[in-house]
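K.L.:
Okay, here's the structure, questions in a sec.
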Amino acid sequence: MMNSQSCVTILKEWDIVAARQMGREIAKNIGFGTVDQARITTAISELARNIYLYAGEGKISFNIVQSLDTKGISIKAEDKGPGIKDLSQVMEDGFSTSGGLGAGLPGVRRLMDDFDIISEVNKGTTIVTVKWLR
Amino acid sequence: MRIPILKLHNYLLISIQTELDDHTAIQFQEDLLGEIHKTEATGVVIDLTSVDVIDSFIAKVLGDVVSMSDLMGAKVVLTGIQPAVAMTLIELGIHLQNVPTALDLEQGLLKLHQELGE
């Protein structure tokens, strides 16, 4: 069940900062503590940077999600970029094509609770990840 | 946006107070190395007390600036990393090994004094 949505278009470097600021604000309003706020904000930063580096353009959107006994923040990162050929490879620790630290997607998955990725070569990538309030 | 670099005797002091975007981080890397060269500083403290997010890119820039300064002959200490930032970095899989750290600015300066024997 969704009841609120906001989004940031990722086109330039500064949009990465805008996305994580918006995400932090939403996380704070939901009631996440400072550590979870840092986890959520960092995850957004990684996802937004992936869009900026690999697809050039995309969108990060936020939803407040509700389960029976708690609520959470759902982050959707979508782009129409080159897509990912081998999903299991990018989900391995240490794999990176950008010469970065290779934290990437496995790191994001560890910071969040739920993590889903759909990617098609030459069509794009959509990642949905959720952090639940405990 | 540029991060101010202060000189104190043989040391350079930096307190990062702004939300770091990629460009600011890279600009800071350049500025710091330039300032080390110009002032012949032997030690640098980068205080991160006010930084509430360090993602993989910023971590890489900080780790790199420590190695680059080391090549030039200046020792860098990172101070004041917040608990939430430390937890997030490790969970993300970033360990920043070989990067000297200290609890706060005071401990950072003490560490430089000891290591540089000044």
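The values are calculated or read from the model by the stated rules, or taken from the named source; none is laboratory data. Everything numeric in this text was worked out from a predicted model, so none of it was measured. All Cβ positions, glycine included, derive from the backbone under ideal geometry; neighbour counts span all protein chains shown.
K.L.:
Output the residue which, of all residues in the range B:10-54 that are acidic (Asp, Glu) and in a helix (DSSP H, G or I), is modelled with the lowest pLDDT. Talk me through it step by step, then tell me what you get.
P.N.:
Taking the range B:10-54 first, the residues acidic (Asp, Glu) are B:19, B:21-22, B:30-31, B:35, B:40, B:47, B:52.
Restricting the remaining residues to those that are in a helix (DSSP H, G or I) gives B:22, B:30-31, B:35.
Values: B:22: 89, B:30: 97, B:31: 98, B:35: 98.
The extreme case among them is B:22.
K.L.:
Any idea which residue in the range B:41-70 is farthest from the other protein chains (Cβ to nearest Cβ), counting only those that are among the acidic types (Asp, Glu) and touching a residue at least 12 places away in the same chain (Cβ under 8 Å)? Before you say what the answer is, go through the steps one by one.
P.N.:
So the first thing to find is which residues in the range B:41-70 are among the acidic types (Asp, Glu), and the list is B:47, B:52, B:55, B:64, B:70.
Among the residues that remain, those that are also touching a residue at least 12 places away in the same chain (Cβ under 8 Å) are: B:47, B:52, B:55, B:64.
Numbers: B:47: 18, B:52: 6, B:55: 4, B:64: 10 Å.
Ranking the qualifying residues of the range B:41-70, first place goes to B:47.
K.L.:
Let me ask another. Among (1) farther than 14 Å from residue A:114 by Cβ; (2) facing another protein chain (nearest Cβ under 10 Å), where does residue A:78 come up short?
P.N.:
Tallying (1) farther than 14 Å from residue A:114 by Cβ; (2) facing another protein chain (nearest Cβ under 10 Å), residue A:78 fails exactly one: (2).
K.L.:
Residues of the range A:24-44 being at the interface with chain B (Cβ under 10 Å from one of its Cβ atoms) and more than 20 Å from residue A:56 (Cα to Cα), which ones? Let's see the steps before the verdict.
P.N.:
Of all residues in the range A:24-44, those at the interface with chain B (Cβ under 10 Å from one of its Cβ atoms) come to A:24, A:33-44.
Across the range A:24-44, the qualifying residues are A:24, A:33, A:34, A:35, A:36, A:37, A:38, A:39, A:40, A:41.
K.L.:
If you go through the range B:28-53 one residue at a time, how many are in contact with a Lys or Arg (Cβ under 6 Å, 6 or more places away or on another chain) and surrounded by fewer than 19 Cβ atoms within 10 Å (Cβ to Cβ)? Reasoning before the result, please.
P.N.:
The first filter runs over the range B:28-53 and keeps only residues in contact with a Lys or Arg (Cβ under 6 Å, 6 or more places away or on another chain), leaving B:39, B:43.
Now restrict to residues that are surrounded by fewer than 19 Cβ atoms within 10 Å (Cβ to Cβ): B:39.
Total meeting the criteria: 1.
K.L.:
Search the range A:95-116 for residues being more than 8 Å from chain B (Cβ to nearest Cβ) and part of a loop (DSSP other than H, G, I, E, B), and hand back the single one that is modelled with the lowest pLDDT.
P.N.:
Going through the qualifying residues, I end up with A:99.
Residue by residue, here is whether (1) of a type in the set (Phe, Trp, Tyr); (2) at pLDDT below 95; (3) surrounded by fewer than 20 Cβ atoms within 10 Å (Cβ to Cβ) holds:
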site: A:23; (1), (2), (3): no, no, no
site: A:27; (1), (2), (3): no, no, no
site: A:32; (1), (2), (3): yes, no, no
site: A:38; (1), (2), (3): no, no, no
site: A:43; (1), (2), (3): no, no, no
site: A:47; (1), (2), (3): no, no, no
site: A:70; (1), (2), (3): no, no, yes
site: A:77; (1), (2), (3): no, no, no
site: A:84; (1), (2), (3): no, yes, no
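K.L.:
Sticking with this one: Do we find that residue B:73 is more than 13 Å from chain A (Cβ to nearest Cβ) and under 14 Å from the mean Cα position of the chain (by Cα) in this structure? Spell out how you get there, then give the answer.
P.N.:
Numbers: more than 13 Å from chain A (Cβ to nearest Cβ): yes; under 14 Å from the mean Cα position of the chain (by Cα): no.
In short, no.
K.L.:
Oh, and also: When only residues in the range B:76-87 that are within 14 Å of chain A (Cβ to nearest Cβ) and closer than 17 Å to residue B:98 by Cβ count, which is nearest to the chain's Cα centre (by Cα)? Reasoning before the result, please.
P.N.:
To start, the set of residues in the range B:76-87 that are within 14 Å of chain A (Cβ to nearest Cβ) comprises B:81-87.
Restricting the remaining residues to those that are closer than 17 Å to residue B:98 by Cβ gives B:81, B:86.
Working: B:81: 10, B:86: 15 Å.
For the range B:76-87, the residue satisfying everything is B:81.
K.L.:
Quick one: how many residues across the range A:52-66 are of a type in the set (A, V, I, L, M, F, W, C) and modelled with pLDDT under 95?
P.N.:
So in the range A:52-66, the residues of a type in the set (A, V, I, L, M, F, W, C) come out as A:53, A:55, A:60, A:62, A:64-65.
Add one more test, that the residue is modelled with pLDDT under 95, and what stays is A:53, A:55.
Of the residues in the range A:52-66, 2 are of a type in the set (A, V, I, L, M, F, W, C) and modelled with pLDDT under 95.
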